[in-house]
């Protein structure tokens, strides 16, 4: 049985790193249970549990995007008792939501908030949906470990380094091991006692953050059956810094600056989902310029890179500038890739915006075939060339008159969807292609039948019935 539990590596999800060894996940979480979702509520005082469809639906309508999920506990597997449990999810990026679905069953891995003792679950946890508890491998393993806890262990990752020697010492013994291809190590079947750990990490050309046991030994006390996680996180000691300037030469703030490896510049999102504007800084491929227009990318491996504005996402009304490559050209053929060497810190890689695009506020009217307004729907807008949403302006909702305002760029082409459902992600009309011309002020979309076919009319003024 134990051979099935050896750590085989790590799985990255956004900024999350999850160990593939099941017991590593089981041991680092304070609570594990099998449960069915009963409902959701906003995580504010005296908030009631309300039936609903998904965690995301409630999160988008809650203060701070923080919610509580109520479960019927079907099997208490670790650290929990009782027939029901409340789990918090959502909120800040460090507590990214797990999109639970109503009436579905999950094996839930949660930790306790050290101050409130609330159970916390995020997308970084190994929580997963369970179709049949009697055949689910994770449920079976959790039930086995509940009654058969192994000896103590110390494990972790040295990111992103394979083949690093890790040393473990007690008062009477000494052990050493090497990290595997994913940078993971483990010392298992240890007796209770006090231990020190250190690692022979590379120093030249690297910066190490949240250092545990690297520059000196650290005391670790293990009780019987304890699991202790020690991670060593490093990044290349490199950086690219500069400023963003507007067409008039003044610094521009709150502009998203992108960095793209040269080999991916033709298709930067190949094999990955683009981050939204809200999580750009955490994704490390984008940086919000500060109040003086300054930006900095650090920790990237040696290689050739392009730096600029709108290299990943299309221009939008919030940032009405064309795609720009440093130092300030719109055509990639005229741009030069930046060569970054190991241990190198490049300064004054400035970006000058060549021009500002014209923003046009377009009235949109969603009507039925008889001319009456459609209520309770949304509008979702994508850039026609790239197929990507247009940033923070990509979603809006119609009012009781079936009216909404779209903030679009003159001369650009878009795909416009009429959406419904929660969270307004089901297309009910369209998409239809719209070209924004100089005399355009309104867009009328008429839903012709329940199957979603619709017609589009471009208007020269904001009155839908002309």
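Consider residue 112 carefully, then state whether it is touching a residue at least 40 places away in the same chain (Cβ under 8 Å), surrounded by fewer than 21 Cβ atoms within 10 Å (Cβ to Cβ) and farther than 18 Å from residue 25 by Cβ.
Answer is no for this residue.
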Task: Which numbered condition residue 386 misses (of (1) closer than 30 Å to residue 261 by Cα; (2) crowded, with 18+ Cβ neighbours inside 10 Å; (3) outside the structural domain of residue 257 (by TED's automatic domain parsing)) - done: (2)
Task: Odd one out for residue 409 among (1) in contact with a strand residue (DSSP E or B) (Cβ under 7 Å, 6 or more places away or on another chain); (2) surrounded by fewer than 18 Cβ atoms within 10 Å (Cβ to Cβ); (3) more than 30 Å from residue 240 (Cα to Cα) - done: (2)
TODO: Would you please name the residue that is modelled with the lowest pLDDT, looking only at residues in region 221-244 that are buried (at least 16 other Cβ atoms within 10 Å of the Cβ) and more than 29 Å from the chain's Cα centre (by Cα)?
DONE: 226
Open item on the list: Tell me whether region 186-202 contains one or more residues that are more than 22 Å from residue 79 (Cα to Cα), modelled with pLDDT under 80, in contact with a strand residue (DSSP E or B) (Cβ under 9 Å, 6 or more places away or on another chain) and buried (at least 17 other Cβ atoms within 10 Å of the Cβ).
Closed with: yes
- [ ] Please verify whether region 400-415 includes one or more residues that are touching a helix residue (DSSP H, G or I) at 6+ places or on another chain (Cβ under 7 Å) and modelled with pLDDT of 85 or more.
- [x] yes
Open item on the list: Restricting to region 133-143, name every residue that is surrounded by 14 or more Cβ atoms within 10 Å (Cβ to Cβ) and within 13 Å of residue 32 (Cα to Cα).
Closed with: 138, 139, 141, 142, 143
Open item on the list: Quick check on my filter: what residues within region 287-330 are free of Cβ contacts under 8 Å to residues at least 40 places away in the same chain and outside any loop (DSSP other than H, G, I, E, B)?
Closed with: 287, 288, 324, 325, 329
Open item on the list: Checking the structure you have, find out if any residue of region 160-175 is exposed (fewer than 14 other Cβ atoms within 10 Å of the Cβ), assigned to a strand (DSSP E or B) and either touching a strand residue (DSSP E or B) at 6+ places or on another chain (Cβ under 6 Å) or modelled with pLDDT of 85 or more (or both).
Closed with: yes
TODO: Residue by residue through region 64-115, note down the ones that are assigned to a strand (DSSP E or B), under 20 Å from residue 136 (Cα atoms) and at pLDDT below 90.
DONE: 78, 101, 110
TODO: Starting from region 122-134, keep only residues that are closer than 18 Å to residue 29 by Cα, then list their pairs with residues that are part of a loop (DSSP other than H, G, I, E, B) and modelled with pLDDT of 90 or more whose Cβ atoms are within a distance under 7 Å, requiring at least 6 positions of separation or different chains.
DONE: 129/104
Task: Leading residue by the ranking (surrounded by the most Cβ atoms within 10 Å (Cβ to Cβ)) among those in region 68-83 that are out of contact with any helix residue (DSSP H, G or I) (no Cβ under 7 Å at 6 or more places or on another chain) and over 13 Å from residue 31 (Cα atoms) - done: 71
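The values are calculated or read from the model by the stated rules, or taken from the named source; none is laboratory data. For clarity, every value in this text was computed on a predicted model and none was experimentally measured. Positions of Cβ are generated from backbone atoms using ideal geometry, with glycine treated the same way; all protein chains shown enter the neighbour counts.
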